[in-house]
4 protein chains.
Amino acid sequence: MIIVFKPEATDKHIERVVERLKEIGMTPHLSRGVARTILGAIGDERLLEEHPLDAFEGIERIIPILKPYKLASREFKNDDTVVDVDGVKVGGETFTVMAGPCAVESEEQVLRIAHFLKERGVRIMRGGAFKPRTSPYAFQGLGLEGLKLLSKVRSETGLKIVTEVLDAQNADLVAQHVDILQIGARNMQNFELLKKCGRLRRPVLLKRGMSSTIQELFLAAEYILMEGNHDVILCERGIKTFETFTRNTLDISAVPIAKLESHLPIIVDPSHAAGFRAIIPALARTAVAAGADGIIVEVHYDPEKALCDGQQALRESDFDRLMDEVRRVAAVMGRTVQ
Amino acid sequence: MIIVFKPEATDKHIERVVERLKEIGMTPHLSRGVARTILGAIGDERLLEEHPLDAFEGIERIIPILKPYKLASREFKNDDTVVDVDGVKVGGETFTVMAGPCAVESEEQVLRIAHFLKERGVRIMRGGAFKPRTSPYAFQGLGLEGLKLLSKVRSETGLKIVTEVLDAQNADLVAQHVDILQIGARNMQNFELLKKCGRLRRPVLLKRGMSSTIQELFLAAEYILMEGNHDVILCERGIKTFETFTRNTLDISAVPIAKLESHLPIIVDPSHAAGFRAIIPALARTAVAAGADGIIVEVHYDPEKALCDGQQALRESDFDRLMDEVRRVAAVMGRTVQ
Amino acid sequence: MIIVFKPEATDKHIERVVERLKEIGMTPHLSRGVARTILGAIGDERLLEEHPLDAFEGIERIIPILKPYKLASREFKNDDTVVDVDGVKVGGETFTVMAGPCAVESEEQVLRIAHFLKERGVRIMRGGAFKPRTSPYAFQGLGLEGLKLLSKVRSETGLKIVTEVLDAQNADLVAQHVDILQIGARNMQNFELLKKCGRLRRPVLLKRGMSSTIQELFLAAEYILMEGNHDVILCERGIKTFETFTRNTLDISAVPIAKLESHLPIIVDPSHAAGFRAIIPALARTAVAAGADGIIVEVHYDPEKALCDGQQALRESDFDRLMDEVRRVAAVMGRTVQ
Amino acid sequence: MIIVFKPEATDKHIERVVERLKEIGMTPHLSRGVARTILGAIGDERLLEEHPLDAFEGIERIIPILKPYKLASREFKNDDTVVDVDGVKVGGETFTVMAGPCAVESEEQVLRIAHFLKERGVRIMRGGAFKPRTSPYAFQGLGLEGLKLLSKVRSETGLKIVTEVLDAQNADLVAQHVDILQIGARNMQNFELLKKCGRLRRPVLLKRGMSSTIQELFLAAEYILMEGNHDVILCERGIKTFETFTRNTLDISAVPIAKLESHLPIIVDPSHAAGFRAIIPALARTAVAAGADGIIVEVHYDPEKALCDGQQALRESDFDRLMDEVRRVAAVMGRTVQ
């Protein structure tokens, strides 16, 4: 950590900071320049999170040198984490396609989509039972009934299930019915939910918040890892910008950055990034080319009747085309699609 | 609602949409231009939230005409809502200053700050017991112990208390100890929490999400209002942009827009918008001048020892200066500061 | 165009708008709903650009239906434009790699890089003679001397040259020395420069502004096309967001959107998007996978000595690796790299 | 300047950086920690702009300590700059209202508005002769004819004139006709134009780019100051965000920050920030309260007939109300409105 003092900082101001650093176990190194006095603090910077210096008089700026996350970093663990979803691997040499409807609507619907996907070699199905919706007037999901339908799909087809958990309160319930707990973009900094999922023994799919930085995503993962759950899958799903053609702006750079900085697997959600069907296959191809470990996409046999996000649901024929294209790019990248 | 069809849309595409509109009780008006066919749909547009048209083939764009929120709108209720916080009014002709430490740290700390504020005429004190922190290594608040200390302040000083509730799970607990439930920026779209607070009988201070639009803020308020709780105070606290001098960018325009579009009171949080002490009084003055109903600011007698956000805490002398300046601008605006 | 009136709009307000529409040659269609009166205006919406209605009393909102650009749109010209750069094609079935140093620094430097690139099969070289720099203290380019060096490279190697033109004033000069005129991100809305380049007979490489929407990019292209120059190559180079790992956020979705909406070729600049070398090959692969017509990248044999942007310059070995990867993904996409 | 090395940096990497620093006249201070080696470089950091270190191997991050701007900074000049516009002062104890139409449309129009404004005590009139328009189909201004009309207003009324200059090419021409050269938001980083205006002897009104940081605004001012023109007036006019109610998001914090960091006067443009009339008076009040040195607003006696931006033009009665409100807040701030 580097502390830069204001030109007008007094010796007393500097002394006070030096003392505080010593108190918390860091080693200060003072360097007086013509224009500024600078103090380097050597030691575990996370100590400063609990004893912040921000408000000390005379300080102009505090510059962290070390990364604020540890367990999520590649410095902590060099080997890629491969998450085992009850026998299905995410990460490593496979490229995982998770697919399914936006929302669980009926038994007929989920089973039909499940069988379709299974035939295409998909092993993990998505489907929302609890839907976070901007408007209170929009369809909010079937809730518990939806969970039960997902459970039925699981036992009938052997597909693994990922579904969103909205709240620490019903995380246990969700964990009883599905294989992967999804933490949605709006909840990436719902810290109670992160901690709760960290205490459950289920892989977690952690979506990046729509206005979160990649570093904040790593810190959200850190909350889960710290509780002892190491099975975290990151997900880039687009961030908010001023662009209006797309629902969000897919930050494809997040993929190679996650690979540099972290050992956790990362997948891409082209459906929510795009917000409309036509460009989803192209974005899926970029996910493979960027080095992602998979994608999660929305599929519906009759998008016109979908109760949510129909405009971004792939039809069955779209999905077949997407899989074909994904497979061809994956082959070049040395990955097997499943 | 206006539905614009693609140039290549067929009669069958158009017919299907017309029929669906009739099914859900809306009246379609077709208008065929040279370049595009357009369909106007007359009726309650919120019906479409449950039966979306987005995925119908042939549609290029769907343009809502009516606002997606109702209860929060000025069209629904023309008179300004004045929230009664156990005898202290927020809204109307008063300009309310809520102040206090970022976090409850100790009995000595909260009582000292409470007495200081009370002497200055402040009637509502803020203070966090549960702190949402980006890093898991940062101070997370005293929790239940913090709530008890706030309760003690309340009974000793008569100050009303506002504190953040992080999770639907412990909303009941928080409601037992304080007067106003604060929903933080990161939780503005935590819909379970919104609904829960809508069912409690406590005023709610609803902060705008750091990347939420004003319309999304109104829709979040709508979740609370729909559950029967009409005592919602909006709060503008800065949005995320690429600017780096400030922690967030205070969107001061949100104040006059809220006054045009909604009947709910709106206050401003200059502390979190700025992120550093020096410009907070200036931002507080702009809040008054913009027509806000109050501000919420962080105050600490010894910011260097504050366990969180010390750099944005006003010292006692800063607060006195701020109050003086706020009072002078408020006088011009015809408002009484309390 | 759809005009939505306020609930309180009077008959007179509506009448005035109807008359104005008739005056400028559009056909109005009135539709009175319970909540709102709506007016559809049929005809060429670009007429409204010259006779705007925005300020008419009683109007709540004006919604354009047609696209504001014409010549750049795929509706206007369905076939992909292939730009002929003095015999080298950009667009169609080739994937064009433009490469070279950030800035022209010396004869030795540009010639060495030129020969290196030529051996690798590159046919278009980039290199800045005039450098737009945020700080006036930074290296501003060699200017005319730089142009002459580029000219020399051109005649010695046969490579085509792309370089930035900063100002309408010296566009003629630049056009005498190079093959493609680059309009930089900061100048995307320098309308005098756009018009000037539209009047020159040189292909134009038009970079998207760092905070421009894709639609604004199309409109900037429209300025050039309207002057009679049809050889416009679009370039996505990243947009400004709050993310800090990267210099800008590569909006890879712009590629498939440009392919849907426009006939113009589009290339990607992964160097400026990333801002650091390590992730540039990954982003180049995504460009190919997204369907782009090429990339433009920075290369330097000794980045440590580069006078600008050395941290994002690929070393020779990096470039070889990138070309190899790009070729493999291009093969899958049915493209030949040149 | 602080240089942080990667954990894997070798002694040779570090040595090379140390040598380069010495070469360019800076003094290196090495500090080896457990986790990272850090190098402090003492001396004029602007030297590094010409000899960048970014690409040296082994470097993880370079952190500037000093500000990249000098002449624009308050450290360089402590006293507030007051710009003298041919006898009318901007800055200091006056609060300057610049007002006028978006575009010059006719002699009758500019003279009528000029006389109206003069009667209200306004001393500087705005009006565009060259209009930068996103769409090539929109009204582009009267050009030279417009300049002549402004010149006529100046001689007939004695009002000082501010108008936009789009291009270095015609800056001389514009300078012959008006008192203040406005550099628009889209041109804030048109460096040729900045330099040209720096060489002219006319005050410059420099608008912040819609996606520029405040620091980039200071650096743009630095370009002008370096050429010897010290009469620069900064202007905050809103930045691009995802918010849609307003055309741009007024970053009101830019005002107190400019006052802290720079000696240059700063005014606010509430018209372009808002994009619609109703909230402009409220934003104008916030400008005064924030400590700005003035505002620039659009006024038209018949906005319905305005050829551009009519929806954000104040009617005469709106302007009177605005002036009244501005005067009352200015009195509290100790400012005289002119």
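Every number here is computed from the coordinates shown, using simple stated rules; none is lab data. Keep in mind it's a predicted model, so treat the numbers as computed, not measured. Cβ: placed from backbone, ideal geometry, glycine included. Neighbour counts: every protein chain shown.
Taking Cα centroids, how far is region D:270-338 from region A:182-245 in Å? Distance between centres, Cα-based: 44 Å. Note: relative contact order over chain C, using C-alpha pairs below 8 Å and six or more positions apart, is 16 percent. Here the Karplus relation 6.51 cos²θ - 1.76 cosθ + 1.60, evaluated at θ = phi - 60°, turns the backbone of region A:175-190 into coupling constants of 4, 5, 9, 10, 9, 10, 8, 8, 9, x, 4, 5, 9, 4, 10, 8 Hz, with x for every Gly and Pro. Take every Cα pair under 8 Å whose residues are at least 6 apart in sequence, average their separation, divide by the length of region B:184-264, and the relative contact order is 28 percent. Other residues with beta-carbon under 9 Å from the beta-carbon of C:Gln338 carry, at +1 per Lys or Arg and -1 per Asp or Glu, a net charge of +2. Amide H contacts under 5 Å for B:Gly294: B:Thr96, B:Val268, restricted to partners 5 or more places along the chain or on a different chain, H placed in the peptide plane at 1.01 Å from N.
Shown here: region C:106-173, whose C-alpha atoms stretch 36, 25, 17 Å along the first, second and third principal axes, sorted largest to smallest. For a test of the definition: using alpha carbon positions, the gyration tensor, and the 1.5 limit on a/c, classify the protein assembly as shown as rounded, prolate or oblate. It is rounded, given that a/c, with a ≥ b ≥ c, falls under 1.5.
Per residue of peptide A:108-114, the mean number of Cβ atoms on other chains within 10 Å of the residue Cβ is 0. The phi-based Karplus calculation (6.51 cos²θ - 1.76 cosθ + 1.60; θ = phi - 60°) puts the 3J(HN,Hα) values of region A:306-315 at 4, 7, 8, 6, x, 5, 10, 7, 6, 6 Hz, whole numbers, x for Gly and Pro. The calculated FRET efficiency for D:Leu111 paired with C:Glu107, based on their beta-carbon distance and R0 = 60 Å, is about 0.50.
Return a whole-number percent for the relative contact order of region D:2-63, with Cα pairs under 8 Å and 6 or more residues apart as the contact set. Once normalised by length, the contact order is 50 percent.
Below 12 angstrom from the Cβ of A:His13, what's the summed charge of the other residues (Lys, Arg +1; Asp, Glu -1)? Surrounding charge for A:His13 is -3.
Set the Cα radius of gyration of region D:152-247 against 2.2 N^0.38 Å, with N its number of residues, and you get 1.12.
Between C:Ala278 and C:Gln176, the simple spin-label model (points 7 angstrom out along Cα→Cβ) gives 4.7 nm. Residues whose amide H lies under 5 Å from that of C:Ile161, counting only those 5 or more places away or on a different chain, are C:Met125, C:Asp179, C:Ile180; hydrogens are built 1.01 Å from N in the peptide plane.
Taking a point 7 Å from the Cα of B:Phe76 along the Cα-to-Cβ direction, the residues of region B:190-232 with backbone N closer than 15 Å to it are B:195, B:198-199, B:215-232. Along its three principal directions, the equivalent ellipsoid of region D:199-328 from the Cα gyration tensor extends over semi-axes of 26, 16, 15 Å, largest first.
Assuming a viscosity of 1.306 mPa s and a temperature of 10 °C, what translational diffusion coefficient in µm² per second does Stokes-Einstein assign to chain A, Rh being the Kirkwood radius over Cα pairs? Rounded, D is 74 µm²/s. For the pairs C:Lys148/D:Lys196; C:Lys207/D:Lys160; C:Lys305/D:Lys195, flag any whose C-alpha to C-alpha distance is greater than 30 Å. Long pairs (Cα-Cα over 30 Å): C:Lys207/D:Lys160. Within the listed set A:Lys118, A:Lys195, A:Lys131, the Gaussian network model of chain A (springs between alpha-carbon atoms below 10 Å) gives the highest mean-square fluctuation for A:Lys118.
Highest GNM mean-square fluctuation among C:His115, C:His263, C:His230, for chain C modelled with Cα contacts below 10 Å: C:His115. Within region D:1-109, the percentage of alpha carbon pairs spaced more than 20 angstrom apart rounds to 58%. Note on region A:195-264: the alpha carbon radius of gyration divided by the globular reference 2.2 N^0.38 Å gives 1.18. Residues whose amide H comes within less than 5 Å of that of D:Gly128, counting only those at least five positions distant or on another chain, are D:Ala103, D:Val104 (H built at 1.01 Å from N in the peptide plane). Placing a label point 7 Å from the Cα of B:Ser155 along the Cα-to-Cβ direction, the distances to the matching points in the other copies come to 5.2, 8.4, 9.5 nm, shortest first.
Across region A:60-70, computed HN-Hα scalar couplings (Karplus, 6.51 cos²θ - 1.76 cosθ + 1.60, θ = phi - 60°) run 8, 7, 10, 10, x, 9, 8, 6, x, 10, 10 Hz from first to last residue, x flagging Gly and Pro. Roughly what % antiparallel, to the nearest 5, for the DSSP beta bridges in the protein assembly as shown? In the protein assembly as shown, DSSP labels about 40 percent of beta bridges as antiparallel. Its convex hull of Cα atoms gives region C:40-103 a direction-averaged projected area, equal to a quarter of the hull surface, of 8.9 nm².
Entry note, chain C: the mean residue ellipticity at 222 nm calculated from DSSP H runs of n ≥ 4, each adding -39500 (n - 2.57), is -10000 deg cm²/dmol after division by the residues and rounding to the nearest 500. Equivalent-ellipsoid semi-axes for region A:2-63 (Cα gyration tensor, √(5λ), whole Å, largest first): 18, 11, 10. The rotation axis taking chain A to chain B passes closest to the C-beta of one chain A residue; that residue and the distance in whole Å read A:Ser211, 1. For label points placed 7 Å from Cα toward Cβ, what is the shortest-first list of nm distances from A:Gly87 to its copies? Its label point is 6.3, 6.7, 9.2 nm from the equivalent points in the other copies.
Relative to the other identical copies, D:Leu260 shows label-point distances of 3.1, 3.1, 4.3 nm, where the label point lies 7 Å from Cα along the Cβ direction and values run shortest first.
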